[in-house]
Each structure stands twice: as structure tokens, then as C-alpha cells.
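For reference, the structure discussed in these notes is given below.
FYI, it's all coordinate maths here, none of it is from the lab. It should be emphasised that the depicted structure is a prediction, and the values quoted were computed from it without experimental measurement. Note that we place each Cβ from the backbone using ideal geometry, even for glycine, and neighbour counts take in every protein chain shown.
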Amino acid sequence: MMITGKTKVLAVLGAPIAHSLSPIIQNAALQAAGIDCVYAALPVRPGALSSAVYGLRDAGVVGFNVTIPFKTEIMELMDALSEDAQRIRAVNTVVVQTDGTLMGHNTDVVGFLAGFAEHGVVPAGKRAVVLGAGGAARAVLWGLLRSGISSVCVGVRNGAKGAALCEEFAADGDVRSAVFDDPDFLACIGSADIVVQTTPMGMTPHIDAMPPVDVAAINSSAVVYDLIYTPAKTRLLREAEARGHETINGEMMLAAQGAEAFFLWTNVRPDMALMRRVLREECERRG
Ligand code: NAP
């Protein structure tokens, strides 16, 4: 597609940003949909987020994604926040509305739940275990609660951090945390219907690493969902599969959070199959 004076601009802001997969996925989807728009990766200097955000707004960009390390800092620059962004306390997608106001969204929850939907897994009424209490765990916890999960036990290495996270969501359901070797955690993992892995353990290049759980201790009928997408199958998922568990990786989450952002900017549903294929091909190309 030819870039002309009418071509609109989308972007992702982060630091570092050169390895972001988003430009590849979003530009493929924009082109396939015939939308006259380009998506660029913009490195933002520490301390320069507000000037970058207001500059993009004033220069007429349609919207942008925000990634590490700006997902929390950007919240105070928004004129309004979606419910998901408020609950997760992080923004990954900004829509510049026609009147110039900035609307902050978080599409990670929609992305996370799309992974279940693809596998026909319904979280409502189930018991879940979440491994880790970082940024991704917040989206997972809220996504599970929003879906009517019966209970969630968050496995952590830092008890105080786990307790603080659960406290924030205490009014939304049965949520508690326990350190990984606590008997309460072992009981939870032994009876869970769903186990969601949100730590970076096992991510490329540390592909032999595992989160601190014994796969043999997981309830044999549990679905095991790992948010990691490189490698496509972490050691946790490989071991879980070998024991007969249904497994889900983070590819759908990544593609679907991007697809939701695309929709928020363009009001068009992108070609998800294309986004998935482009994502996988690029991950394989990078090794
Ligand atoms: P984060 O904010 O740094 O949180 C990581 C969590 O893992 C923290 O709770 C941390 O514990 C825990 N952890 C780290 N190393 C550990 C270890 N050795 N043993 C036990 N726990 C450990 O990171 P994040 O942003 O949540 O991202 C986590 C992972 O999710 C990454 O692999 C990322 O690629 C993936 N992710 C995927 C998607 C997707 O679209 N598929 C989206 C977001 C994230 P402490 O709290 O004690 O530090």
C-alpha cells in the first residue's frame, strides 16, 4: 500500500521497542483490511512520556499502544480509562478521540480470555491457580474474576506482594495467595481446574526453566495455560501435555490483545488468522 498525505499513523511506545512484534502483526492486518494507516515502533526516552504522548495527539495520530516501561505511568495522562484499565491499573492501548481526548484501555484481559475461548474452556464456576503476581497476573486475575471464576489461588515467591495483589481484588471474589511451597498452595494446585502460568520462567532463551511447581502435583484434569509465546511450548506445557493435560500458550492472547486494539482504533475486526500466522512466522524466524 502506498503511503500518501492521507495515510494515518498508529504506533507503539516503549523502551526498548525495536524488537516489538506489534508493527509486524498490525501492519499485516491493516494492509489486509485495506486501511490506509501505518503502525510504527517509537522509542521514548525515560522522562519523555508526556511530551511524546501529547505530541502524538497534537500531530493527529489515531492511537497507540504502550508497553514496558510505560504501562502504569501513562495512566495519569489519560482523560478517561476503560474499566479493565482501571482494574488492572495499566494501559496498553490509547485511542485519540475525535475531540483530542485520550482514552486509555487495557486489551490484555480480552486477549487472555480469547485463549480460553479458542479452546472452548469456560472459566465460570471453576477453581483456578495463577503462578506469579506481576503485571500480567493482574490482567489474568481480573479476567478470571470478570468471567465468574469460583476461586483463585495465586502462587507467589513473595508473600507480601501476593497478599497486596489479592487485597485489591478481595471484593470481586474468592481470591487468596500462598507461597509456592505452602501446603495451602499445594492443595489448591491439586484440585485446580485451571492453572495459569504468568512468570517469565521458561521463556526463550531460558527454555529449560520452569516455574516452581511440580507438574505431577497438578490436578490431572486441569487445563494448563502459559502466557509465554516464545517458545510456542514451554517446558511446563510440554511436561503438562505429556501427562495428558489440555494446554494453551500465549500466542492467542498476544494476537487477540492486538486485534482488540485494532478494533478500538479502526472499528474494524481484523483478520485474526492472519495475525496469528504472522506472529508465529515471526517468532519462528527469530528463533
Ligand atoms: P513481571 O511484571 O515482571 O512479573 C513476573 C512475575 O513472575 C512476578 O510476580 C515475579 O515474582 C514472578 N517470577 C519471576 N521470576 C520468578 C521465579 N524465578 N520464581 C518464581 N516467580 C518468579 O512480568 P509480566 O509483565 O507479568 O510478564 C510475565 C510473563 O508473561 C512474561 O513471560 C511475558 O512474556 C508474559 N506475557 C505474555 C503476554 C501475552 O500476550 N501472551 C502478555 C503479557 C505478559 P516477584 O513478584 O516476586 O518479582
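Using only Cα atoms, find the angle between the long axis of helix 251-266 and the longest principal axis of the chain, and express it within 0 to 90 degrees, rounded to the nearest 10.
Long axis of 251-266 versus the principal axis of the chain: about 30 degrees.
Mind checking which lysines have their Cα closer than 22 Å to the Cα of K161? Skip sequence neighbours fewer than 8 apart in that chain.
Cross-link targets: K71.
For the stretch 1-117, give the share of DSSP beta bridges that are antiparallel, in percent and rounded to the nearest 5; count only bridges with both residues there.
Details: 7 of 20 bridges.
Of those bridges, close to 35 percent are antiparallel.
With both bridge residues required to lie in the stretch 66-164, what share of the DSSP beta bridges run antiparallel, to the nearest 5%?
Here the antiparallel bridges make up roughly 35 percent for the stretch 66-164.
Between E284 and D58, what is the FRET efficiency for a Förster distance of 45 Å, r being their Cβ-Cβ separation, to the nearest 0.05?
0.70
Tell me which cysteines of the chain come out unpaired when the rule is another cysteine's Cβ under 4.7 Å.
C37, C166, C283
Ranked by Cβ crowding within 10 angstrom, fewest neighbours first, how are S51, S151, S22, S177 ordered?
Working: S51 11, S151 18, S22 23, S177 26.
Exposure proxy ranking, most exposed first: S51, S151, S22, S177.
Which whole-number percentage describes the relative contact order of the chain, with Cα contacts under 8 Å and a sequence gap of 6 or more?
Worked out over the chain, it gives 16 percent.
Any idea what angle helix 159-168 forms with the longest principal axis of the chain, computed on alpha-carbon atoms, 0 to 90 degrees, nearest 10?
Its long axis makes an angle of about 60 degrees.
Nearest-5 percent of antiparallel DSSP beta bridges in the chain?
Roughly 15 percent of the beta bridges in the chain run antiparallel, per DSSP.
Give, in nm to one decimal, the length gained when the segment between D208 and E241 is fully stretched (0.36 nm per residue of separation minus the Cα-Cα distance). Each step should come with its number before you reach the end.
Numbers: separation 33, 0.36 × 33 = 11.88 nm, distance 1.56 nm.
Extra length available between D208 and E241 comes to 10.3 nm.
At 222 nm, what helix-only mean residue ellipticity would the chain give, in deg cm²/dmol to the nearest 500, using -39500 (n - 2.57) for each DSSP H run of four or more?
-11500 deg cm²/dmol
Kindly put E73, E251, E83 in sequence by how many other C-beta atoms sit within 10 Å of each C-beta, fewest to most.
Neighbour counts put them in this order, fewest first: E83, E73, E251.
May I ask for the angle, rounded to the nearest 10°, between helix 22-32 and the longest principal axis of the chain, with both axes built from Cα atoms and the value confined to 0 to 90°?
Helix 22-32 sits at roughly 60 degrees to that axis.
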